1. Can you name every residue in the range 423-445 that is under 26 Å from Arg73 (Cα atoms) and surrounded by fewer than 18 Cβ atoms within 10 Å (Cβ to Cβ)?
2. Tell me yes or no: at least one residue of the range 109-121 is part of a loop (DSSP other than H, G, I, E, B) and surrounded by 18 or more Cβ atoms within 10 Å (Cβ to Cβ).
3. If I go through the range 93-108 residue by residue, how many of them are over 22 Å from Ser47 (Cβ atoms) and open to solvent by less than 20 Å² (accessible area, probe 1.4 Å)?
4. Going by the conditions given, is Ser450 surrounded by fewer than 21 Cβ atoms within 10 Å (Cβ to Cβ), in a helix (DSSP H, G or I) and in contact with a helix residue (DSSP H, G or I) (Cβ under 7 Å, 6 or more places away or on another chain)?
5. Is at least one residue of the range 197-205 surrounded by fewer than 19 Cβ atoms within 10 Å (Cβ to Cβ) and either among the small types (Gly, Ala, Ser) or farther than 30 Å from Pro311 by Cα (or both)?
6. Find the residue count for the range 399-422, including only residues that are open to solvent by 80 Å² or more (accessible area, probe 1.4 Å) and either under 19 Å from His388 (Cβ atoms) or aromatic (Phe, Trp, Tyr) (or both).
7. Could you grab me the full set of residues in the range 49-74 that are buried (at least 19 other Cβ atoms within 10 Å of the Cβ) and assigned to a loop (DSSP other than H, G, I, E, B)?
8. Answer yes or no: is there a residue in the range 368-383 that is open to solvent by 20 Å² or more (accessible area, probe 1.4 Å), under 30 Å from Val72 (Cα atoms), among the basic types (Lys, Arg) and modelled with pLDDT of 95 or more.
Amino acid sequence: MFDLITLNGSTKTVDQEALDALDASLRGSVFLPGSPEYDSARTTWNSIVDRKPGFVIRALGASDVQKAVNFVREAGLIMSVRSGGHQIAGHAVADDAVMLDLSRMKSVHVDPKARTARVAPGAVLGDVDRETQAHGLVVPTGINSTTGIAGLTLGGGFGWTTRKFGMTIDNLISAEVVLADGSIVTASESSHPDLFWAIRGGGGNFGVVTSFEFHLHPLGPQVLSGLVVHPIEQGPALLPEYARIADTAPDELTVWTVMRKAPPLPFLPEDWHGREVLIFAACYAGPIENGEAAMEPLRALGDPIVDVISPHAFVDWQAAFDPLLTPGARNYWKSHDFDALPADAIAGLLDSISTLPDPSCEVFVAHVGGAMARVEAAATAYPQRSAHFIMNVHTRWEDPAKDDTCIAWARALYDRMTPHATGSAYVNFMPADEADHLSGAYGANATQLSRIKGRYDPGNLFRVNHNIPPA
C-alpha cells in the first residue's frame, strides 16, 4: 500500500495489486522505494534536490509513457517526468508523486542524406554529438555533454553553435508527444502547429515528448576552440573590449566569459590555482582558417596567463566543461538577460567575484544573438530573441552547512544586476523558487501559452515544472 498526493492535494492509497498490473503491462518496470533502481532514478544532477516519489515508472518507449500517463490521470495522481535529470530546479522528482523515468530511452538515429536526427528523450547531449559528428553534422545544443536533450530543447537550448545555426528549438522539425488524455500525436508545422509552437520553449507543460526530430548542419569534426585566461585584475580593462568584440563578431564566432577561482587545470601554472581569473571561452563554427582571423582581436587582448585556443574535436570541446559540472554537488543558479554590458554592470560582476562563497562558484556570461536573434519573438514560445548576453550566476558547493551563504550570495548578485537586465529570463536557468518570474520568461507569449495549455492539458496533469496554468 502506497499513499500518494493527488491533483487536488489530498492523499490516495495505491495498492500493490494495481502496481503489479501496471508493471506487467510495461516494456519497462515499476520500481518501489528501497530498490537500487528507485534510488538511482530519484537522484538528479543537483544534490540539493533530495525528494522521494511514491514509486518510479521506468519507460522504454512511447507505449510505456502512454500507459503511465493513463494510470496517473485515471488515479488522479501527480506525476513528475525525468529525462536527463539535469534541471537546476529539480522538477524531475517530487515527493509522494509518481515519477516517470525516461532516462533509458536513449536512441539517436541520424539520416546523413536528409541531414536529420531522430532522438529519444533520455539521450544526453554527448549521445547526440557522438552520433551526429560521425557524419560531420551538428544540431545546436548546450555546453555540458551530460545535459538531457529533452529538457534543454523544451526550454529553448543554446550553446557554442547557436549564433551560427540558431537555438535548439529553431532546429526542431517535429516531436512525438503523449498528451494528458493518453493520445499520441505528432507536433510539427503541419500537425498540431499550436502544440509545436508551445513546446518550443514552453517546457514540459503540454505533454511528454517521446521523440524529437532535428535538422542538422555540417560542422566538424574539428573546430577552433579553447580558453584564454587572464588575471581578474585585468577585468575592468578587458570586459569592455570583450563586449565590443561580441557586438561585431561574425555569426560563426561565440565567446563566453567566465569569472571564478582558477581550477587546477593542467595547462595553468600551479601558482594560479585557486586565484580569481577571467576566462574567455571561444568557439568558431566554421572553417578553422577563418576562425584564426576572427579570433585574432580576442587573443590580442591584455597579457594572458595562458592561451590554449587550437583545433579540437567538436565532441571533446562540447565536453570540455564536464569536469567542473559533475553530478553530486549542491547547485543554485540565478540568471539575467542583457542587451549590453555597461560599465556599472561590469563593475558589479567583478566586485561580486571578489566575494565568491566557494571555490566552485562562478559567473558566466554567454554570448548569444546572431541567427538566434533573427527569429521573430512570436515564432516560438521562447521569446527572448533580442538579448545579446545571458548571465548565469552558477553557485556550486559541497557542504550543506554553506547553503544559506551560497544562495544569499547568488541572490545578492542577481539583485545588483537587475537594473542592467532586460527583465526576461531563460527558463532552463530558473531555480525552483522563481515561479513568480514566469512572466519574464514568456513575456507577450504567456497568454497564448496558457490558452494552449488549457487546450491540451486542462486538468494541469503536467504541473511539476515551471508551470503554466491552463486558461
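The values are calculated or read from the model by the stated rules, or taken from the named source; none is laboratory data. Predicted model, so just to flag it, every value in this text is computed and none were measured. Positions of Cβ are generated from backbone atoms using ideal geometry, with glycine treated the same way; all protein chains shown enter the neighbour counts. Surface accessibility is based on the protein's heavy atoms, side chains included, excluding ligands, DNA and RNA. Shrake-Rupley method; radii C 1.70, N 1.55, O 1.52, S 1.80 Å.
1. Ala432, Ala435
2. At the first step, the residues of the range 109-121 found to be part of a loop (DSSP other than H, G, I, E, B) are 112-115, 120-121.
Retained after the next criterion (residues that are surrounded by 18 or more Cβ atoms within 10 Å (Cβ to Cβ)): 120-121.
Yes.
3. 2
4. Details: surrounded by fewer than 21 Cβ atoms within 10 Å (Cβ to Cβ): yes; in a helix (DSSP H, G or I): yes; in contact with a helix residue (DSSP H, G or I) (Cβ under 7 Å, 6 or more places away or on another chain): no.
Answer is no for this residue.
5. Initial filter on the range 197-205 (surrounded by fewer than 19 Cβ atoms within 10 Å (Cβ to Cβ)): none.
No: zero hits.
6. At the first step, the residues of the range 399-422 found to be open to solvent by 80 Å² or more (accessible area, probe 1.4 Å) are 401, 404-405, 411, 415-416, 419.
The next check asks that each one be either under 19 Å from His388 (Cβ atoms) or aromatic (Phe, Trp, Tyr) (or both); those that pass are 419.
The total comes to 1.
7. Val49, Pro53, Gly54, Ala59
8. no
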